[in-house]
Amino acid sequence: MRKYIAFAISFIVLFTVFQYLSGFVLTIMYNPETNHAWMMSGSIAQETIIKSSSSPFMLTLSLSLLAASISYFVPKKLMNKRDKK
């Protein structure tokens, strides 16, 4: 039961961290087209359009796979350190 709790906690923490870092990187890399948007602003409705070149599902799946892979090894490392003491 302890291994499962350690796995679940490490998975939740790592998944949250990777989601945060992914959002941070995507925000940093976003480059709006302000000139084109400024010229078109008078003739369009006030709405938000979000475009993505990749599938958000694949990004989420990749991040969850990475978080699960790392969280699988974290409890083993912690148990090895505890056993060595």
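Residue by residue through segment 17-47, note down the ones that are part of a loop (DSSP other than H, G, I, E, B) and at pLDDT below 75.
Ser41, Gly42, Ser43, Ile44, Ala45, Gln46, Glu47
Applying the selection to segment 59-80, what residues are under 13 Å from Phe18 (Cα atoms) and of a type in the set (A, V, I, L, M, F, W, C)?
Leu59, Leu61, Leu63, Leu65, Leu66, Ala67, Ala68, Ile70
So which residues in segment 1-16 are in a helix (DSSP H, G or I) and loosely packed, with under 13 Cβ neighbours inside 10 Å, if there are any at all?
Arg2, Lys3, Tyr4, Ile5, Ala8, Ile12, Thr16
List pairs: first in segment 60-85 and within 28 Å of Val25 (Cβ to Cβ), second assigned to a helix (DSSP H, G or I) and small (Gly, Ala, Ser), Cβ under 8 Å, 6+ apart or cross-chain?
The qualifying pairs are Leu63/Ser22; Ile70/Ser10; Ser71/Ser10; Val74/Ala6; Val74/Ser10; Pro75/Ala6; Pro75/Ser10.
The values are calculated or read from the model by the stated rules, or taken from the named source; none is laboratory data. This one's a predicted model, so the numbers in the text were calculated from it and none came from an experiment. All Cβ positions, even for glycine, are placed from backbone atoms using ideal geometry, and neighbour counts span all protein chains on display.
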